[in-house]
Structures are given as C-alpha cells and as structure tokens.
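The values are calculated or read from the model by the stated rules, or taken from the named source; none is laboratory data. Note that the coordinates shown come from a computational prediction; the quantities given were computed from them, not determined experimentally. Ideal geometry is used to build each Cβ from the backbone, glycine not excepted, and the neighbour counts take in all protein chains shown. For accessibility, only protein heavy atoms count, side chains too; no ligands or nucleic acids. Shrake-Rupley method; radii C 1.70, N 1.55, O 1.52, S 1.80 Å.
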Amino acid sequence: MGHLLIDAARGLPVPRTPVWIMRQAGRYQAEYQAIRAKHSFLEVCHTPELACKVTLIPRDLLNPDGLIIFSDILVPLEAMGLDLDFIAGKGPVIANPVRNAQDIKRLRLYDADVATKFLPDAIRAVRTAVNDEYPVLGFAGAPYTLACYAIEGGTARHYHRPKAWMLNDPTSFDRLMSKFADAVVDLLSAQIEAGASLVQLFDTWAGNLMPHHFEQYALPYVQRIIEQLKRYNVPIVYFMNGVSGKLHHMVSSGADVIGIDWRVDLADVRRTFGQRIVLQGNLDPSVLLADTKAITSGVADILKANGTGPHIFNLGHGITPTVPVANARHLVDEVKRLSAV
Ligand code: CP3
C-alpha cells in the first residue's frame, strides 16, 4: 500500500501535506508516563513489546502519518561497549567515554540483528500491529552526534572535546567516525530489513560546527552512510538542529529529504534550493505551548512559506515534555485540514 508520507519523501505528488512529530512518543503523554512508572527508559527500549506499545501511543492520541519506532540514538553505543545510563533530570550518562585512540580500539562493531535485535524486533511488532496502515519510521544518530555523546560522556554545553580532538588528531578522529558510520549502516539496514519504510539520521549537534569543519569532519561519513543505504530504495531524511550555513552541504549528503530546524525561514530555503528538494519541518516546538489559535497560524505560516514544493510537516526539533497532548493533536489536525486542496 502506498503511504502519503513515503510518497512525499520521494517527491511524488500528494493530496495533502503529511505530518509527524519528532519525539512524538514521550513524557508529555500520560500513557507513556504510566509505562515509565514501571520500567526504566532503557528497559522500554530493550523490550520489543514495550517499545511497540509506546510507538503506538501517538497513533491513538495524534494520528500522525507515520510512526517512528521508539528507541534512542544512543542505544547502539551500548552494543559497542559503552556503559550507558539515563538519569532523571540529567539525561544520558556514559561511564566510560571515548577519550583517546586506545578507547576507539575498544569499541566493538557488532551485528545489529544480534546485539540490538530488540530494535528490528520492535519494528516487526509495530508492522504487525498496524497492518500496513501506517509506515514505520526507523532512525539512527549521525556519526558526529554519536561522537559528541561518546566523547563527552553525556550532554555537554559546548561539546569542546570532540572539536579539539578532530582538529588535533584528525587521523584517529576519522577512525572513530568511520566506526560509527559502519555501525549506523548496519543498524539502519537491520531496521529497513525489519520493515522500516523511511529512516531518519539525527545530527543534533552538527549544527554546532563551523560549516567548513562540518564539511571536512562530519559530512563525509553521512554521505558514506547514505550511499550504502541507497540500495534499499527507502527514503532517507537527514535532520540537523542548527542547519544555518550548512544547508548546501546537507543537500550534498545525498539524502532524499532535508530536515530543518525552526531558526531558518522555510521560504528562504525554498528560494535558495527551488521547488524540487523535499523539506521536512520546521515549526518552533515552543509554539505548542501557546494556545490553539497560535498553533493554527503557526501551521498556516509554515505551509505558506513552503509553497508548492514537496514537504513533510514536522517541528523544527523534538516535542518538549510540558506540551498538552490536545495541542499536539490540534497541530496534526490543522496540518491535515489546511494543506488539503
Ligand atoms: O521520536 C520519537 O518519538 C522516537 C524516540 C526518540 C527518543 N530519542 C526517545 C527518548 C528519538 C528519535 C530520540 C532521538 C534522540 N535521542 C536524539 C536526537 C534528536 C534530538 O532530540 O536532538 C538525541 C540527541 C537523543 C539523546 C537523548 N535521549 C537525550 C539527550 C535524552 C535526555 C533528554 C531528554 O529529553 O530526556 C534522551 C532520553 C529520551 N529519548 C527520552 C525519550 C522519550 C526521555 C526518556 C525518559 O525519561 O522517559
């Protein structure tokens, strides 16, 4: 069966703009909180039945045009030998971060169908549950963003360490990035083979790089991943938080869809790159904290800024924990209503 979201990702004509929300399953939902009250975050990720159940929450509450599998970009780092935990109020913490060339050797490459089997298993469970009514979206972190967490050992304010490393010792940094690129290809291949109809690469922290550093130290690995996944003929979204100054490089990544944050004007991006490029985004997630009238006009503004080019509606970054579910629902409903011709 054809899916609106997948057709739009391929740049095919669609009767209305498809919509999904980054982090659409999560803490802003009571149903998610109830599951988390009984299971840790990683337990949910590691248990296909739970991950499947959480993936389906947004279907019932929001009815978006695609269901992103519930997991985390950092989950593969565990399989590579990093000791990962999620601590309430602090976020991810890695007890044994990668700090030198010796640590890179320690990182194991693994078979995603074995070491992270729970992830393709969760995708298969969702596919069975939705009976092809919704496409399942797979994802992975892009190598630079994975390197940021692996090197810092958690969330940092500036990510100084990965930058200093790549400039001081580009040879070992390349070895690290290549390892992550290989792991991501394997992980996304396993997700596609399990039934993901689209995959997104999250490059949350690449927006923090100077454009020419991005081009030299991060982009080649994204290009390598996309090149190796082309054989599946599944659309690939490349999302960055902070695309400003790097859009030309992102377009040269070879991705089918470019996911943009809200700090750039969608109309400007269209003017620069034309009507053929497929764009995803880019409403400021904070708009969901305003009233429904503001959400409606936020949606209308984005649709107008995009014009007639192929577009997948999304926020410019993940939804935040204090958003009322009714507001998220209103967003999805309004995209469907206002974009239908
Ligand atoms: O989009 C979805 O609904 C799928 C699930 C998903 C999660 N994380 C669930 C999650 C996806 C696609 C991610 C991606 C992810 N994870 C990114 C890239 C996108 C982005 O937001 O920039 C990053 C950087 C991470 C790393 C990560 N995971 C951080 C920094 C944190 C802690 C901060 C926070 O928001 O809690 C997480 C935890 C996390 N990942 C939660 C969820 C629902 C919250 C865990 C909980 O306490 O229940």
(request) Report the residue count in the range 293-341 for those that are part of a helix (DSSP H, G or I), hydrophobic (A, V, I, L, M, F, W, C) and either within 25 Å of TYR238 (Cβ to Cβ) or open to solvent by less than 50 Å² (accessible area, probe 1.4 Å) (or both). (result) 12
(request) Would you mind finding the one in LEU50, LEU56, LEU77, LEU61 that is open to solvent by less than 20 Å² (accessible area, probe 1.4 Å) and either more than 8 Å from the ligand (Cβ to nearest atom) or not hydrophobic (A, V, I, L, M, F, W, C) (or both)? (result) LEU77
(request) Could you list all residues from the range 80-93 that are open to solvent by less than 30 Å² (accessible area, probe 1.4 Å), more than 9 Å from the ligand (Cβ to nearest atom) and touching a residue at least 60 places away in the same chain (Cβ under 8 Å)? (result) MET80, LEU82
(message) Considering only the range 186-194, I want to know if a residue exists there that is free of Cβ contacts under 8 Å to residues at least 24 places away in the same chain and either among the hydroxyl-bearing types (Ser, Thr, Tyr) or more than 23 Å from TYR110 (Cβ to Cβ) (or both).
(response) no
(message) Given the options VAL136, VAL98, VAL126, name the one that is over 25 Å from GLY259 (Cα atoms) and either within 15 Å of the ligand (Cβ to nearest atom) or surrounded by 17 or more Cβ atoms within 10 Å (Cβ to Cβ) (or both).
(response) VAL98
(message) When you scan the range 148-169, do you find a residue that is under 16 Å from the mean Cα position of the chain (by Cα) and within 30 Å of ASN131 (Cβ to Cβ), even just one?
(response) no
(request) Could you tell me whether the range 166-183 includes any residue that is within 15 Å of the ligand (Cβ to nearest atom), modelled with pLDDT of 95 or more, assigned to a helix (DSSP H, G or I) and not aromatic (Phe, Trp, Tyr)? (result) no
(message) When the residues of the range 139-163 are narrowed to those that are more than 12 Å from the ligand (Cβ to nearest atom) and assigned to a loop (DSSP other than H, G, I, E, B), which ends up surrounded by the fewest Cβ atoms within 10 Å (Cβ to Cβ)?
(response) ARG157
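Every residue, every condition in (1) touching a residue at least 40 places away in the same chain (Cβ under 8 Å); (2) of a type outside the set (Val, Ile, Thr), yes or no:
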residue: GLY11; (1), (2): yes, yes
residue: ARG16; (1), (2): yes, yes
residue: ARG36; (1), (2): no, yes
residue: HIS39; (1), (2): no, yes
residue: LEU50; (1), (2): no, yes
residue: VAL54; (1), (2): no, no
residue: ASP60; (1), (2): no, yes
residue: LEU67; (1), (2): yes, yes
residue: ILE73; (1), (2): yes, no
(message) Criterion first (more than 18 Å from GLY11 (Cβ to Cβ) and of a type in the set (Val, Ile, Thr)) does THR308 satisfy it?
(response) no
(request) Kindly establish whether LEU12 is modelled with pLDDT of 95 or more and outside any loop (DSSP other than H, G, I, E, B). (result) no
(request) Would you check which residues across the range 15-29 are in a loop (DSSP other than H, G, I, E, B) and more than 8 Å from the ligand (Cβ to nearest atom) and list them? (result) PRO15, ARG16, THR17, PRO18, TRP20, TYR28, GLN29
